[in-house]
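The values are calculated or read from the model by the stated rules, or taken from the named source; none is laboratory data. Remember, predicted model here, so these are calculated numbers, not experimental data. FYI the Cβ positions are ideal-geometry reconstructions off the backbone, even for glycines, and counts take in every protein chain you see.
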């Protein structure tokens, strides 16, 4: 049963954000009911607004990460900006920023400075490498962190590394920022004190790289790049059926290997073959096993292969493209698509995953640049004449 109350109703988030990591974090806070005031540069705004024009003239990244927010244009370097920021932070519960290294501190927005004035304020700083160490001042973008964290060393083919097709380093940083802001809000409820959440993109990706790190423990050889196949478990990956279509399948244990041999390949004797008697042995023999499996599949089309896999209880999937994902019958059956508003008109959006069943996600409009500047300034106590003066001075 859903209710009209959301977990973060009444929580105000002020965000000095751009690109992906911080906007993805704050959009998820907005999904849970938080009021998110997004501060943007007058005239141009978040530079992610200009990444492309793929969604009815709007940028795909921006549409994804900025619904349910209010856009306030403010030149944070302007002499008048401090007064606006002060009034905002007096009412805020959370400040999020992913400005260039050191920029927030130069603006007087370090946690140490703010905590004295606003002891209940939670400050979340997102950066590439953290605020100490030899990499502190290096710029960091998603692809650079994928490279620096070793992700590219295990992703791609034996001949060439490949980046992830989505902004995985930004996503990892945004997810840790989001979850730990929630933890900080819970902690504040117990202590009455705000705290700092520092998110390093390198550290979040290093955490996600823990399996290959441990696989390469104490100087051991790392998992090889293996394309769309699993690097260390086999058979686990793409296989071509007789009609040329690709089926993705995965085996996790010895019981499944026996079932796969008996009910899918129809070659039960393989399960007793000592050359393939463990996951590591099958991985070492992946070349010959691949040929054997695809030979067994050569007389079947992809649907028949999937039917055998399903009947045997072996995990499998279609190799979908993005057009397939838009039309995915499972997402439709579970009513995951809803309509939201935007400056370009109605758009489809996915409901956020895994919310408590008592919570109805907030799915409000994507803001136009500066759409809420005037209303927010009035709320902060500025008079029409003062707002006009700020506008003429290009402060907002």
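State yes or no: is residue 291 on the phi < 0 side of the Ramachandran plot and surrounded by fewer than 12 Cβ atoms within 10 Å (Cβ to Cβ)? Before you say what the answer is, go through the steps one by one.
Details: on the phi < 0 side of the Ramachandran plot: yes; surrounded by fewer than 12 Cβ atoms within 10 Å (Cβ to Cβ): yes.
When the stated conditions are applied, residue 291 passes them.
Scanning the range 91-103 for residues that are in contact (Cβ under 8 Å) with a residue 12 or more places away in the chain and more than 20 Å from residue 186 (Cα to Cα) yields a count of 6. Put simply, of 108, 156 the only residue that is surrounded by fewer than 22 Cβ atoms within 10 Å (Cβ to Cβ) and under 24 Å from residue 78 (Cβ atoms) is 108.
Only a single criterion out of (1) surrounded by fewer than 18 Cβ atoms within 10 Å (Cβ to Cβ); (2) in a helix (DSSP H, G or I) is not satisfied by residue 188, namely (1). The set of residues from the range 92-104 being surrounded by 16 or more Cβ atoms within 10 Å (Cβ to Cβ) and part of a helix (DSSP H, G or I) comprises just one member, 104.
Could you say whether any residue in the range 167-179 is modelled with pLDDT of 95 or more and over 14 Å from the mean Cα position of the chain (by Cα)?
As a first pass, look at the range 167-179 and keep what is modelled with pLDDT of 95 or more: 167-179.
Those left that are additionally over 14 Å from the mean Cα position of the chain (by Cα): none.
Looking for residues that are modelled with pLDDT of 95 or more and over 14 Å from the mean Cα position of the chain (by Cα), one finds none in the range 167-179, hence no.
Within the range 1-91, considering only helices (runs of 4 or more DSSP H) that don't extend past its boundaries, which have at least 2 residues that are closer than 20 Å to residue 120 by Cα, in the same structural domain as residue 142 (by TED's automatic domain parsing) and in contact with a strand residue (DSSP E or B) (Cβ under 8 Å, 6 or more places away or on another chain)? Even if it seems obvious, please write down each step before you answer.
Values: elements: 21-31, 60-65, 81-91.
Of the helices (runs of 4 or more DSSP H) lying wholly inside the range 1-91, those with at least 2 residues that are closer than 20 Å to residue 120 by Cα, in the same structural domain as residue 142 (by TED's automatic domain parsing) and in contact with a strand residue (DSSP E or B) (Cβ under 8 Å, 6 or more places away or on another chain) span 21-31, 81-91.
It is to be established whether one or more residues within the range 116-132 are in the same structural domain as residue 18 (by TED's automatic domain parsing), out of contact with any strand residue (DSSP E or B) (no Cβ under 9 Å at 6 or more places or on another chain), within 23 Å of residue 47 (Cβ to Cβ) and not in a loop (DSSP other than H, G, I, E, B).
To start, the set of residues in the range 116-132 that are in the same structural domain as residue 18 (by TED's automatic domain parsing) comprises 116-132.
Cutting the leftovers down to out of contact with any strand residue (DSSP E or B) (no Cβ under 9 Å at 6 or more places or on another chain) gives us 116-117, 119-120, 132.
Of the ones still in play, those that are also within 23 Å of residue 47 (Cβ to Cβ) are none.
No, the range 116-132 has no match at all.
Looking across 247, 259, one residue alone is over 34 Å from the mean Cα position of the chain (by Cα) and either in a loop (DSSP other than H, G, I, E, B) or within 25 Å of residue 304 (Cβ to Cβ) (or both). It is 259.
Okay, residues lined up against (1) modelled with pLDDT under 95; (2) under 21 Å from residue 362 (Cα atoms); (3) under 19 Å from the mean Cα position of the chain (by Cα); (4) crowded, with 23+ Cβ neighbours inside 10 Å:
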| position | (1), (2), (3), (4) |
| --- | --- |
| 8 | no, yes, no, yes |
| 18 | no, no, yes, no |
| 29 | no, yes, yes, yes |
| 34 | no, yes, yes, yes |
| 46 | no, no, yes, yes |
| 51 | no, no, yes, no |
| 56 | no, no, no, no |
| 71 | no, yes, no, no |
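Kindly evaluate residue 310 against the criterion of being outside the structural domain of residue 60 (by TED's automatic domain parsing) and free of Cβ contacts under 8 Å to residues at least 24 places away in the same chain. Yes: the conditions hold for residue 310.
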